[in-house]
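Here's the structure, in structure tokens; my notes come after.
The values are calculated or read from the model by the stated rules, or taken from the named source; none is laboratory data. None of these values were measured; they are calculated from a predicted model. Here the Cβ positions follow ideal geometry from the backbone for every residue, glycine too, while neighbour counts run over all protein chains shown. For the accessible areas, the whole protein counts, side chains as well, though only heavy atoms, and no ligand, DNA or RNA atoms are used. Shrake-Rupley method; radii C 1.70, N 1.55, O 1.52, S 1.80 Å.
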Amino acid sequence: MAAAGSSFSLRLFAVAAVAVLPLLPFVPDFWITLGGYIGLYSLVAIGLVLLTGVGGMTSFGQAAFVGFGAYATAALTTKFGFSPWATLPFALAATGLMALLIGLVTVKLSGHYLPLGTIAWGISFFYLFGNIEWLGRFDGISGLPPFSIGPISLIDARAVYYLIWLVVLVAVVLSENLLDSRVGRAMRALRGGSVAAEAFGVDTARAKLIVFVYAALLAGTSGWLYAHVQRAVSPSPFGLNAGIEYLLMAVLGGSGFVLGGVLGAAIVTVLKDQLQNILPKLIGADGNFETIVFGILMVAVLQLARQGLWPFLMRLLPPSPQKAVELSAEPLERRRLPERGMAVLEAEKARKQFGGLVAVNDVSFMVKGGEIVGLIGPNGAGKSTTFNLVTGVLPATSGEIRYMGRRIDALPARKIAELGIARTFQHVKLMPSMTLLENVAIGAHSRNRPGVISAMLRLDRLPEARLIAEAARQIERVGLTEHMHKPAGSLALGQQRIAEIARALCLDPALLLLDEPAAGLRFNEKQQLAELLSQLRADGMSVLLVEHDMDFVMKVTNHLVVLDFGTKIAEGTPAEISVNPVVLEAYLGGVE
Amino acid sequence: MNATIALFLAQDGIINGAIYALLGVALVLVFAVTRVIFVPQGEFVAWGALTVAALEAGTVPGTAWLLAVLGLAAALLEVVRERHAMSVAKVAVMVVRDVALPFALLGLVIWAAPMRLGLAVYVLVTLVLLVPMGPLIYRLAFQPLADAPVLVLFIAAIGVHFSLLGLGLVFFGAEGFRNTPFLDMSFPLGPMMVKAQSVWIVVVTLLLLAALYAFFERTLLGKALRATAVNRLGARLVGIPVRATGRMAFALAAAIGAVSGILIGPLTTIYYDSGFLIGLKGFVAAIIAGLASYPLTALAALLVGMLESFSAFFASAFKEVIVFSLLIPVLVWRSFAAGHHDDEEEE
């Protein structure tokens, strides 16, 4: 825990440095003002870090949300005589509601369509702010009251500086708490695409919406503060160019790190100030010439250090503390496993067509409680497609799939996961930058439910400890304990496959689907895997596995289903299948 | 609104639509070949008009200086980045092509600018200055990112736009310009007067679209570009130099941008930052067509042009709001039409 201690004291030092700065008599007022702006922009940049770096959504329209917060408080204080403090809930409600509406439409956009959408609403809102008579058109609203505490008004740059940085501190703590939680892990898994996350019960559309609204609320808070620091609002600080500058802050600082947002905001703000001093003199005209440098900086960062500058800074700091594992935490509730021999999974004439291609042709089979069933067949036989039908990744064209007697072929993947079906993937889908422990913990996502607010306020520590302890137990079960705190991307491919099994076990499944679990494993690892599977079977779990390693399949399975060109050509015990002439022909070609 | 006004608005819509069609087609082209969403396209529109304006005023346009600087930077950076693969011959080619030639051009422009050689020369000089900037920008900003995800390329494109926007302000100032029309005359068509410049725009647009069609269908180079658009790896395997096709696509986009700027310069006042919004409307058209189909893009561009001119009449202040808000439902529709493929994977 020494590392944790020094990391904590370092943070304390940083907070103290920010706090002491205005007290030093030789620091000019101007620096303090600049420091205040860094704080204001940091709030927006932190939101963008969560949105872009963590959630994988890029927004150029974040400045518009700053505008909502600013205009809301400007209108309420000047037209209705509200005190600046009283408008915060309204400013947040206005921003949050807009973000919710926009988010409902835009976060579902895939790939590059989302940032294009953000440009569109970034421009739209700029012209909207600038053309509404009631909001003062392009002149905006001026004469806003400053913040005040009792009779003391916070007009002085040094006074308001503290207010701003207090808010930043709260935002940093809340954001880091959020990321280090059940919901946060789901958010961080968004970048890896939705399939893996949905397979463990994560509602990815909802997770995206939460990140989106949270980022917008941070921006709205910044706007609320900004309006009373500037004491005037107009559309131009909320236009697209401002949105691009905010994104530059996030990209430059390091779009995967909360404090990277603060770093980026500091660099961009100071640089902008310097450039606005130097460039007009150099060029001999007035104008926002800093965009030239900012643009080049943006491209250079993407070319040279796509993770931003924060990782470089982190290398100089002591390593961040390992996530604490309390194995003594009360275990999560277990699912009741179905009785041995009972039908757990039944596929009846399951069919999947892609246009004219029949990938799975009316295949029927059954997996019973406490049984390991192998799904084998040559490449292109339809094994993975069958997996995707069972787990809800693809909808079946026709036929039925039942789990414990209940039809599941129309359910989405995450509902199927909640029922107790867990899977691994043929192509490993772990989040390389998250630790093994965090990756595995995503498996238990559906097993308890602490939400966003409790995560931010750290009211989720008990359920969180239970969840982490469960992940650690499953990691131990598959024999990867020594790698628990390493980034998943640093493990060997075979270990990553095993890690996927640990993640699947974390769901406490009644049925486990393994897609080529032995591929890439060494001999010893295969033996361990076989032992693990036998033990799971002994515990009453059912397993359906796709595998090409025939020795392995013959050794571990009770029952085999053979597919060829999407059609079931045989099924039976391993011994029966190994002498079945039809199967031999499919694998080895006809013996004429 | 009566029929005359409607006709007038339609005329406006067709002219704007023609320009958006050109830009939209160029965007589709660049995206297909390089996966770059070429946001800085709009800057070429503004610079096309403003370079002509500077030449008309008998001054040296800043773009002449920029070309020389970009050439020098591209050559230097490429020598550094690819120092292991450099040969004397390669360096010599770069020195001549990227450094000597642009500086020679700059000298020529400085020498010839005060002579006021006439509109045809201005147009030619503008094209010669702006078209090579396309490939130079590709080499500087995008070539090193050629294998990056679309999203990264997009952010880089925004970065390039930001830089060029600032440079435009340096070169041309905050003042707007309106250029001399090619032919200063109007003629009656039914109840309304049609400017010759409007006819020019429509004719040149149609000619350019036809030329592009012929280029892609009839020439080897055009086919190579199409092949790269379909599959970069496959194109590389059959011996198509993928980098060269990227440069080619950027050259075409720069040319189309510059031509659009030259065409609309006499019709509307152009400022250093006017290009962005014009380019974005080309974008709206390209996106309606799914960043894939050329004819659909042209058709969508016409729609955007019409929507813009009619909303300018009914709610002039909210013209931009209406056009860009249209994009969101279109994006939603496109996003769902594209299906749920897992294209977000990175790291």
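Given the criteria outside the structural domain of A:A417 (by TED's automatic domain parsing), of a type in the set (V, I, T) and surrounded by fewer than 16 Cβ atoms within 10 Å (Cβ to Cβ), does A:I453 qualify?
yes
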Members of the stretch A:389-409 that are buried (at least 22 other Cβ atoms within 10 Å of the Cβ) and among the polar types (S, T, N, Q): A:T391
Looking only at the stretch A:78-91, which residues are of a type in the set (A, V, I, L, M, F, W, C), touching a residue at least 24 places away in the same chain (Cβ under 8 Å) and surrounded by fewer than 22 Cβ atoms within 10 Å (Cβ to Cβ)? A:W85, A:L88
Answer from A:L174, A:L218, A:L178, A:L225 - the residue that is assigned to a helix (DSSP H, G or I), open to solvent by 30 Å² or more (accessible area, probe 1.4 Å), within 25 Å of A:A93 (Cα to Cα) and not basic (K, R): A:L174
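For A:N379, indicate whether it is at pLDDT below 85, open to solvent by 30 Å² or more (accessible area, probe 1.4 Å), under 23 Å from A:T567 (Cβ atoms) and in the same structural domain as A:D539 (by TED's automatic domain parsing).
In short, yes.
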Please work out which residue is most open to solvent (accessible area, probe 1.4 Å), limiting yourself to the stretch B:229-288 and to residues that are of a type in the set (S, T, N, Q) and more than 30 Å from B:L183 (Cβ to Cβ). B:N231
Would you be able to tell me the number of residues in the stretch A:555-573 that are crowded, with 16+ Cβ neighbours inside 10 Å and in contact with a Leu (Cβ under 9 Å, 6 or more places away or on another chain)? 10
Among the candidates A:S222, A:S181, single out the residue that is farther than 29 Å from A:Y37 by Cα, of a type in the set (S, T, N, Q) and more than 14 Å from chain B (Cβ to nearest Cβ). A:S181
Matching residues in the stretch B:47-69 - criterion: being out of contact with any Gly (no Cβ under 7 Å at 6 or more places or on another chain), closer than 9 Å to B:L129 by Cβ and crowded, with 23+ Cβ neighbours inside 10 Å: B:T51, B:P61, B:T63, B:A64, B:L67
Which of the residues belonging to the stretch B:158-180 are more than 9 Å from chain A (Cβ to nearest Cβ), touching a Phe, Trp or Tyr at 6+ places or on another chain (Cβ under 7 Å) and either buried (at least 20 other Cβ atoms within 10 Å of the Cβ) or within 17 Å of A:A300 (Cβ to Cβ) (or both)? B:G168, B:F172
What residue, among those in the stretch A:290-321 that are open to solvent by 80 Å² or more (accessible area, probe 1.4 Å) and touching a residue at least 60 places away in the same chain (Cβ under 8 Å), is farthest from the other protein chains (Cβ to nearest Cβ)? A:P319
Which of the following residues is over 19 Å from B:T245 (Cα atoms) and among the hydrophobic types (A, V, I, L, M, F, W, C): B:I37, B:I5? B:I5
When the residues of the stretch B:137-147 are narrowed to those that are facing chain A (nearest Cβ under 7 Å) and open to solvent by less than 20 Å² (accessible area, probe 1.4 Å), which ends up modelled with the highest pLDDT? B:A141
If you go through the stretch B:102-114 one residue at a time, do you hit one that is within 14 Å of chain A (Cβ to nearest Cβ) and buried (at least 19 other Cβ atoms within 10 Å of the Cβ)? no
Given the condition of a type in the set (S, T, Y) and without any contact (Cβ under 8 Å) to a residue 12 or more places away in the chain, answer yes or no: does some residue in the stretch A:64-77 qualify? no
Among the residues of the stretch B:6-38, count how many are surrounded by fewer than 24 Cβ atoms within 10 Å (Cβ to Cβ) and in contact with a His (Cβ under 8 Å, 6 or more places away or on another chain). 0
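Which one of these is hydrophobic (A, V, I, L, M, F, W, C) and at pLDDT 90 or above: A:A422, A:A410?
Answer to the selection: A:A422.
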Restricting attention to the stretch A:439-460, the residues that are in a helix (DSSP H, G or I) and under 10 Å from A:R182 (Cα atoms) number exactly 6
Wholly enclosed strands (runs of 3 or more DSSP E) of the stretch A:474-592 bearing at least 1 residues more than 36 Å from the chain's Cα centre (by Cα): A:559-564, A:567-572
Every residue from the stretch B:295-313 that is more than 14 Å from chain A (Cβ to nearest Cβ) and either under 30 Å from B:L167 (Cβ atoms) or β-branched (V, I, T) (or both): B:T297, B:A301, B:G305
Looking at A:V202, A:V251, A:V168, A:V211, can you tell me which residue is modelled with pLDDT of 95 or more and either part of a loop (DSSP other than H, G, I, E, B) or buried (at least 22 other Cβ atoms within 10 Å of the Cβ) (or both)? A:V168
Which ones in the stretch A:98-111 are surrounded by 23 or more Cβ atoms within 10 Å (Cβ to Cβ) and at the interface with chain B (Cβ under 9 Å from one of its Cβ atoms)? A:T106
Can A:G61 be described as open to solvent by less than 10 Å² (accessible area, probe 1.4 Å), within 14 Å of chain B (Cβ to nearest Cβ) and not hydrophobic (A, V, I, L, M, F, W, C)? yes
Checking A:A159 against (1) in contact with a strand residue (DSSP E or B) (Cβ under 9 Å, 6 or more places away or on another chain); (2) open to solvent by 50 Å² or more (accessible area, probe 1.4 Å); (3) part of a helix (DSSP H, G or I), the condition it does not meet: (2)
So which of B:G176, B:G190 ends up being of a type outside the set (A, V, I, L, M, F, W, C) and at pLDDT 85 or above? B:G176
Does any residue of the stretch B:30-50 turn out to be more than 14 Å from B:V128 (Cα to Cα), under 18 Å from the mean Cα position of the chain (by Cα) and among the polar types (S, T, N, Q)? yes
Tell me yes or no: at least one residue of the stretch B:259-272 is within 14 Å of another protein chain (Cβ to nearest Cβ) and either more than 14 Å from the chain's Cα centre (by Cα) or among the aromatic types (F, W, Y) (or both). yes
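Could you check the stretch A:519-547 and list, in sequence order, the residues that are of a type in the set (D, E) and open to solvent by 10 Å² or more (accessible area, probe 1.4 Å)?
Within the stretch A:519-547, A:E525, A:E531, A:D539 qualify.
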